[in-house]
Structure formats: structure tokens, C-alpha cells
Amino acid sequence: MEFDPARILRASRLRFGGLRATGAPAILFGVSTVILAVGVSRSLGAIVPLLPETIRELKGLLETRRDARPLKP
């Protein structure tokens, strides 16, 4: 099997909603999407352990805010 870059470029097509790309832009968009997905996955992996503490602090902030409201007769 021989490597034919022209054939690969012609076969590369991408359609996503109203976005259409062919050739090199389609390949670049696909690769950048994979890299973006890996970055988001790593970010979520770093953030998830902090969520319980963040939610606890948010709950305390909301309770403090609720207590600070003046009562209207």
C-alpha cells in the first residue's frame, strides 16, 4: 500500500451543521477538536476533586447572604 497524500486530502471532508470543510482544513479541524477534548478532559480531572469543597463554600455564602437581608414589615 502506497502513501498518497493527494488522495487523503481529497477524501477528507467534514460537515458539522452549517460548517463544511474539505482537504487540509478538515484535517486540521479534526485534529484540533481532539486536542481540545483532551484538554477539557484533563481540566475536569483536576477540577472534580475540588467540587465538594466549592459547593460547601457556595452553600455557606448563600446562607450568609440570606441572613443579611433586612426584614420588611
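For this structure, a couple of remarks:
- Residues located in the stretch 10-52, provided they are of a type in the set (G, A, S) and in a helix (DSSP H, G or I): A11, A24, A26, G30, S32, A37, G39, S41, S43, G45, A46
- Among the candidates R65, R15, residue that is free of Cβ contacts under 8 Å to residues at least 40 places away in the same chain, of a type outside the set (A, V, I, L, M) and surrounded by 10 or more Cβ atoms within 10 Å (Cβ to Cβ): R15
- Any hit, the stretch 28-46, residues being surrounded by 10 or more Cβ atoms within 10 Å (Cβ to Cβ), of a type in the set (G, A, S), out of contact with any Asp or Glu (no Cβ under 7 Å at 6 or more places or on another chain) and closer than 23 Å to D4 by Cβ: yes
Just so you know, all these numbers are worked out from the coordinates, no wet-lab data involved. Predicted model only: the values in this text are computed from it and were never measured. In this analysis, Cβ positions are derived from the backbone assuming ideal geometry, glycine residues included, and neighbour counts consider all displayed protein chains.
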